[in-house]
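One structure is given below, encoded as structure tokens.
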Amino acid sequence: MRAEIEADPFVRSVMEAFPGAEIVSIRNQIEPEQPAEAAPPEETEDSDEE
């Protein structure tokens, strides 16, 4: 996994931009829970319409 991270073009560009920087830990990103589907908005009559 570390070799894959180090080979990533973005990671390489950051490492080149900051000489002496090092990868000290690698964490897996947890997928955020999908919010429950929101109920459709209630239809209301506009009192401004004539």
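What follows is calculated from the coordinates using simple rules that are stated; it is not laboratory data. Note that this is a predicted model, so its numbers are computed, not measured. Here Cβ is always computed from backbone atoms with ideal geometry, including for glycine, and neighbour counts include all displayed protein chains.
Structure notes:
- Cβ crowding within 10 Å averaged over residues, with 18-31, 1-14 ranked highest first: 1-14, 18-31
- Potential extension, A7-A21 segment - 0.36 nm per residue separation minus Cα distance: 3.5 nm
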